[in-house]
Amino acid sequence: MRPAYAGHVEGINPGVSTVVVGLLGLVVGAIAVLAFHLSDREQRRVPPRPEPDLDDGLVRVLSVLRSAAVVLDADDDVLRASPPAYALGIVRNDALVHPAVRDLVAAVRRDGVIREQELELPRGPIGSGTVLLQVRVAPLGVERMLVLADDRTEARRVEAIRRDFVVNVSHELKTPVGAIALLAETVADAADDPVAVRRFTERMQREAQRLSALVHEIIELSRLQATGALSDVRTVGVSDVVAEAVDRARTTAAAKNIVITVGGGKDALVYGDHNLLVTAVRNLLDNAVAYSGSNTRVGVGVTERGGLVEIAVVDQGVGIAQSEQDRVFERFYRVDPARSRDTGGTGLGLSIVKHVAADHGGDVQMWSEPGKGSTFTLRIPAADVPSAQPAALDAVARSDQTPAVTQATSKEVDA
């Protein structure tokens, strides 16, 4: 018995079967040819070469540079950046932050010419702070770029301060010099009037004294700003410093009937320069006397706490407004220019105090309220003297010094 489908197979036209078989063979052959070509293409294709790492020598050089250094690949992605590059805000999230730097890189890529430019850029993503950078971009091989940046912010600030200082000095010197010249002409014209000559001569003397004080303080300030201002550091007795400063301020205070009160620890010792410390305390006293009314008191207190010796000068003067307090230590700044002219102030006294404190590893603080007076506190690290040696070191500190006032624990010096 034949299967049921046998009749159907026998019923297929032999010609149709031949065509179907031929078509199948053609398809299989086409597929085989295509597979062969694909395989050949894959074999001929050159695999992409991995980008070579940075040369070890270059990496070592970049690591010791003080400049901020950034290496970019062909797509301007950051391959390597030094810590200063992140600290200055040049690189963030492994990419150049500032469009100005990216534009400089693009310009160098176009023509291969090394470019250098000074750019003032935002210091961070928020706020108004800026940083001044000297940026240099150069090709590094075929596709890479090297970005170097030097922080010029502090140098520019110092340059501006120096320029302002020269301008202010010129102005301050011009005023007394011009006054002396004018008064000299007036004296010549009034030669027959002894009273006028005496009056104008006294004014010439005041202007000459003002000029002399200004020149002296400019020289003193310049010396303090020079490297190694403390050339002769030794143990200094604070009581001697205060006594000498008070003695020097005696004449000025006596003219206004001001009493100077001194009190506090007489055994405090610091390391430093005796003469510079006297200058600092004397400037604080002169300032207190100049801005205090007649028949008032100026106090000087010495305390030691937390490893610091504090010399506080307290007055009952006019006081300083809060808006002015941040500027009182600036050179040539005067809260009341008219009063400074009357008292012969130069505007350099507190700036000198600030520099003396800094050179001794300390600082100067202030409290003031209009109508109630001011307190300026000079804080200097106490001398770390072994307990068995304070007497001997104190004797050394007092040698070659002649105290102008014998200080007790609490006393008054009637100026």
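Under 8 Å between Cβ atoms, which residue pairs at least 6 apart in sequence (or on different chains) link something in the stretch 252-266 that is under 16 Å from ASP240 (Cα atoms) with a partner that is assigned to a loop (DSSP other than H, G, I, E, B)?
Matching pairs, first to second residue: ILE260/ALA415; VAL262/VAL405; VAL262/GLN407; GLY263/THR409; GLY264/THR409; LYS266/GLN407; LYS266/ALA408; LYS266/THR409.
Would you mind stating whether LEU224 is at pLDDT below 80, in a helix (DSSP H, G or I) and in contact with a His (Cβ under 7 Å, 6 or more places away or on another chain)? Walk me through it before giving the result.
Details: at pLDDT below 80: yes; in a helix (DSSP H, G or I): yes; in contact with a His (Cβ under 7 Å, 6 or more places away or on another chain): yes.
When the stated conditions are applied, LEU224 passes them.
Sort through VAL242, VAL236 and tell me the only one that's assigned by TED's automatic domain parsing to the domain that holds VAL318, surrounded by 24 or more Cβ atoms within 10 Å (Cβ to Cβ) and in contact with a Phe, Trp or Tyr (Cβ under 8 Å, 6 or more places away or on another chain). Can you show your working first?
Values: VAL242 fails: in contact with a Phe, Trp or Tyr (Cβ under 8 Å, 6 or more places away or on another chain).
One residue alone meets the criteria, VAL236.
Would you call VAL318 β-branched (Val, Ile, Thr), in the same structural domain as VAL356 (by TED's automatic domain parsing) and crowded, with 20+ Cβ neighbours inside 10 Å? Full working, then the answer.
Details: β-branched (Val, Ile, Thr): yes; in the same structural domain as VAL356 (by TED's automatic domain parsing): yes; crowded, with 20+ Cβ neighbours inside 10 Å: no.
Criteria not met by VAL318.
Taking the condition at pLDDT below 80 and not assigned by TED's automatic domain parsing to the domain that holds LEU308, does GLU202 pass?
no
Can you pull out the residues in the stretch 59-92 that are aliphatic (A, V, I, L, M) and touching a Lys or Arg at 6+ places or on another chain (Cβ under 9 Å)?
Hits for the stretch 59-92 are VAL59, LEU62, ALA69, VAL70, VAL71, LEU72, ALA74, LEU79, LEU88.
Collect the residues in the stretch 237-255 that are of a type outside the set (Asp, Glu) and modelled with pLDDT of 90 or more, keeping them in residue-number order. Explain how you work it out, then say what you get.
Kept after step one, since they are of a type outside the set (Asp, Glu), are these residues of the stretch 237-255: 237-239, 241-243, 245-246, 248-255.
Scanning the stretch 237-255 gives GLY237, VAL238, SER239, VAL241, VAL242, ALA243, ALA245, VAL246.
Determine if the stretch 307-328 includes at least one residue that is at pLDDT below 65 and polar (S, T, N, Q). Outline the logic, then answer.
Pass one, the stretch 307-328, residues at pLDDT below 65: none.
For the stretch 307-328, residues at pLDDT below 65 and polar (S, T, N, Q): absent.
Given (1) within 26 Å of the chain's Cα centre (by Cα); (2) surrounded by 14 or more Cβ atoms within 10 Å (Cβ to Cβ), identify the lone condition not met by MET145.
It fails just one condition, (1).
Answer with yes or no whether ALA138 is within 35 Å of the chain's Cα centre (by Cα) and at pLDDT 80 or above.
On the way: within 35 Å of the chain's Cα centre (by Cα): yes; at pLDDT 80 or above: yes.
Yes.
So how many residues does the stretch 80-139 have that are part of a strand (DSSP E or B) and either within 16 Å of ASP150 (Cα to Cα) or in contact with a His (Cβ under 6 Å, 6 or more places away or on another chain) (or both)? Lay out the reasoning, then the answer.
Going through the stretch 80-139, the residues part of a strand (DSSP E or B) turn out to be 80-81, 91-92, 95-96, 115-122, 130-139.
Filter once more, keeping what is either within 16 Å of ASP150 (Cα to Cα) or in contact with a His (Cβ under 6 Å, 6 or more places away or on another chain) (or both): 81, 91, 96, 115-122, 130-138.
Number of matching residues: 20.
The values are calculated or read from the model by the stated rules, or taken from the named source; none is laboratory data. Computed from a predicted model, the values in this text were never measured in an experiment. Quick reminder, even Gly has a Cβ in these numbers, built from the backbone with ideal geometry, and neighbours come from all protein chains shown.
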